[in-house]
Structure formats: structure tokens, C-alpha cells
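Below is one structure, written out as C-alpha cells, with a few remarks after it.
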Amino acid sequence: MAVLRLLFNIAWFVLGGFLMGLAWWLAGILCYISIIGIPFGRACFVIGELTFWPFGQEQMNRRRLTGMEDIGTGTFGTVGNIIWFLLFGIWLAIGHLTHALACFVSIIGIPFGIQHLKLAVLSLTPIGQTIVTADQH
């Protein structure tokens with residue numbers, strides 16, 4: 001199973017994951033430049049890493065994982081997600097959707113298209129989410 005996961009991640013990286021990972025990291029750099037956006041920037045780098053190697057990892061709501069509410073899963077998280085959506089989220093989602101459509105052209109690309117759709121959803125509201133290995137949940 002680990003070998004298959006590695007092969008999928010390598011193919012993903014070559015066929016579009018690299019570009020979208022760089023897009024996440026660019027958004028992170030822009031967030032860090034603004035100083036106020038440092039928490040957003042940190043999330044961008046974590047999600048960018050997920051975008052480089054998504055197979056074997058999943059995103060999960062922190063409240064569901066820990067059973068506790070924190071600053072990112074409450075009201076501040078909702079406000080942050082709205083700001084995020086307007087500044088970066090919509091553009092990253094469009095990028096992932098474009099890559100997903102390109103992947104769905106071939107049968108072999110379907111698993112990659114599904115990963116892009118998952119990342120498109122994550123790019124809309126990343127605050128309050130965490131990355132876990134597929135075995136953790």
C-alpha cells in the first residue's frame with residue numbers, strides 16, 4: 001500500500017501538484033509580508049505541503065478531531081475564512097478546479113482529479129482544519 005501511495009504522489013507531483021503547491025506557498029509568502037496574515041501564511045505552507053504529496057493524508061476539522069473548540073473553529077475562524085475566501089481562497093479553488101477538469105479527461109487521471117476537488121474545497125475554508133494521515137481518523 002505504501003508503494004502505491006508513493007507512486008501516486010510522484011505522479012501527482014509531476015502532473016500538477018507541483019504547480020498548485022507553489023501557488024499555496026506564494027499565497028503564504030504574501031500573507032507573511034502583510035504581518036497580520038502570518039496565521040494564514042502558516043496554514044498556506046502546511047496546505048502547500050499537503051498539495052505536494054496528498055495521497056495518504058487528509059484534511060479534517062479540528063473540532064471533530066479533538067472534540068474541543070478553539071479559536072479557529074469558532075466565530076473568529078468563520079470571520080477568518082470569509083476574509084481568506086475573498087483574498088486567496090477563490091483563486092486557489094479555481095486553480096484546483098481547472099487542474100481537476102484536466103485530470104478528469106482520462107480515466108487514469110480520475111484519482112488526481114478527486115484530490116484536486118478535495119483541495120479546492122479545503123482552499124475555500126482552510127481555517128479550523130488540520131492535516132492528518134489517512135490512518136489517524
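Inside the stretch 17-95, counting only helices (runs of 4 or more DSSP H) that do not spill past its ends, which hold 2 or more residues that are within 12 Å of ILE127 (Cβ to Cβ) and at pLDDT 90 or above?
38-52, 75-84
In this structure, is ALA102 over 21 Å from ALA2 (Cβ atoms), among the small types (Gly, Ala, Ser) and buried (at least 16 other Cβ atoms within 10 Å of the Cβ)?
On the way: over 21 Å from ALA2 (Cβ atoms): yes; among the small types (Gly, Ala, Ser): yes; buried (at least 16 other Cβ atoms within 10 Å of the Cβ): no.
In short, no.
Which members of the stretch 105-116 meet the condition of being crowded, with 18+ Cβ neighbours inside 10 Å and part of a helix (DSSP H, G or I)? If you could, list the steps in order and put the result at the bottom.
Step one: filter the stretch 105-116 for residues crowded, with 18+ Cβ neighbours inside 10 Å, giving 109, 112-113, 115-116.
Those that are crowded, with 18+ Cβ neighbours inside 10 Å and part of a helix (DSSP H, G or I): PHE112, GLY113, GLN115, HIS116.
Kindly indicate whether any position in the stretch 60-69 is closer than 21 Å to TRP25 by Cβ, surrounded by 15 or more Cβ atoms within 10 Å (Cβ to Cβ) and either in contact (Cβ under 8 Å) with a residue 24 or more places away in the chain or of a type in the set (Phe, Trp, Tyr) (or both).
Here is the first cut: in the stretch 60-69, the residues closer than 21 Å to TRP25 by Cβ are none.
There is no residue in the stretch 60-69 that is closer than 21 Å to TRP25 by Cβ, surrounded by 15 or more Cβ atoms within 10 Å (Cβ to Cβ) and either in contact (Cβ under 8 Å) with a residue 24 or more places away in the chain or of a type in the set (Phe, Trp, Tyr) (or both).
The values are calculated or read from the model by the stated rules, or taken from the named source; none is laboratory data. Every value quoted in this text rests on a predicted model; they were computed, and no experiment measured them. Cβ atoms come from the backbone with ideal geometry, glycine included; neighbour counts cover every protein chain shown.
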